[in-house]
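Structure first, then comments.
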Amino acid sequence: MERDKLVGAGLLIAAVVIAIVYTWAMFFAGPIIQKWALIIPVYVAMLVILGIAGYIGYTMVTTPSPEELVKELEAEEGEEAEKGEAKERKEKSTEKTEEPA
């Protein structure tokens, strides 16, 4: 069996087992277990949502604005143009020195 199919089978079995245990905890266990069966998933869901919101905020803070990106690209293009001109001058000066007299 391929590794992906084994991982998929493991996830399926884990999901079924957790669903059975959770159903038992919600309906057939004592009141303390029922309380924690509600508290834990709600708490985990809240952490996931806040984590996603925090990641989005971090990305927005660390991503440069479009104006900054344009300036950076223009500066890079200017540097490349200067390098290209310097290379052309060097090639022309090399061609002149290599010409037979």
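Read the figures in this text as sums done on the coordinates, not as results from a lab. This is a predicted model, so every value here is computed, not measured. Because the Cβ atoms are built from the backbone with ideal geometry, glycine has one as well, and the counts that use them run over all protein chains shown.
Quick notes on this structure:
- For the chain, average projected area of the Cα convex hull in nm²: 15.3 nm²
- Between V21 and A86, full extension at 0.36 nm per residue minus the direct alpha carbon distance yields a gain of 16.2 nm.
- Pairs of Lys residues in the chain are counted when their Cα atoms are under 27 angstrom apart and they lie 8 or more places apart or on different chains; the count is 5.
- A Förster distance of 30 Å, applied to the separation of the beta-carbon atoms of L11 and I40, puts the FRET efficiency at 0.90.
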